[in-house]
1. Between a first residue in region 81-100 that is at positive phi and modelled with pLDDT of 95 or more and a second residue that is surrounded by fewer than 22 Cβ atoms within 10 Å (Cβ to Cβ) and in a helix (DSSP H, G or I), which pairs have beta carbons less than 7 Å apart while being 6 or more apart in sequence or on different chains?
2. Being in contact with a strand residue (DSSP E or B) (Cβ under 9 Å, 6 or more places away or on another chain) and closer than 18 Å to residue 126 by Cβ: is that true of residue 47 here?
3. Could you please tell me which pairs satisfy a Cβ distance under 6 Å, a separation of 6+ or placement on different chains, a first residue in region 102-116 that is in contact (Cβ under 8 Å) with a residue 24 or more places away in the chain and at negative phi, and a second residue that is in a loop (DSSP other than H, G, I, E, B) and surrounded by fewer than 17 Cβ atoms within 10 Å (Cβ to Cβ)?
4. Please go through region 21-50 and pick out each residue that is more than 18 Å from residue 70 (Cα to Cα) and surrounded by 11 or more Cβ atoms within 10 Å (Cβ to Cβ).
5. With the condition kept exactly as written, say whether any residue in region 77-85 is closer than 23 Å to residue 17 by Cα and surrounded by 14 or more Cβ atoms within 10 Å (Cβ to Cβ).
6. Condition test on residue 131, is it in contact (Cβ under 8 Å) with a residue 12 or more places away in the chain, part of a helix (DSSP H, G or I), surrounded by 11 or more Cβ atoms within 10 Å (Cβ to Cβ) and touching a helix residue (DSSP H, G or I) at 6+ places or on another chain (Cβ under 9 Å)?
């Protein structure tokens, strides 16, 4: 069964979560940066959390979080959900590579460049899913693996 659309924050990662004192359980988790929320796939926020662009997540923790999510929604078709997660994560990681590059090129924010190699690794993992084989083939031609690094910016013209 396909997962029904739900509220998606689109920027769901540890930096946008805060502990609310004096509360327990789910009520203890506050959410920041939710102004771009919309209705979408429940897989989107999960991949945003477990494939963080700014920090490495241990594979065992990532896998446990995905398994816990799937266990909480037993009606979900596991294979379909994981395919959707790979597709959404790939789209998200392509977008992040572009945004981080733009932040450097346009705004001079060099700190974002350090995260681009991680995001390329995340994208590579996404593209290993069989559903993304055509996208992987295209990307291998358009951006060969040797070029999948943080972009290099020269000095002033």
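1. Pairs found: none.
2. In short, no.
3. If the second residue must be in a loop (DSSP other than H, G, I, E, B) and surrounded by fewer than 17 Cβ atoms within 10 Å (Cβ to Cβ), the pairs left are 115/54.
4. Of everything in region 21-50, those that are more than 18 Å from residue 70 (Cα to Cα) and surrounded by 11 or more Cβ atoms within 10 Å (Cβ to Cβ) turn out to be 23, 28, 29, 30, 31, 32, 33, 34, 37.
5. Taking region 77-85 as the starting set, the residues that turn out to be closer than 23 Å to residue 17 by Cα are 85.
Now restrict to residues that are surrounded by 14 or more Cβ atoms within 10 Å (Cβ to Cβ): 85.
Yes: one or more hits.
6. So residue 131 fits the description; yes.
The values are calculated or read from the model by the stated rules, or taken from the named source; none is laboratory data. Small disclaimer: the values here were computed from a predicted structure and weren't measured. Here the Cβ is made from the backbone with ideal geometry for all residues, glycine too, and neighbour counts use every protein chain on show.
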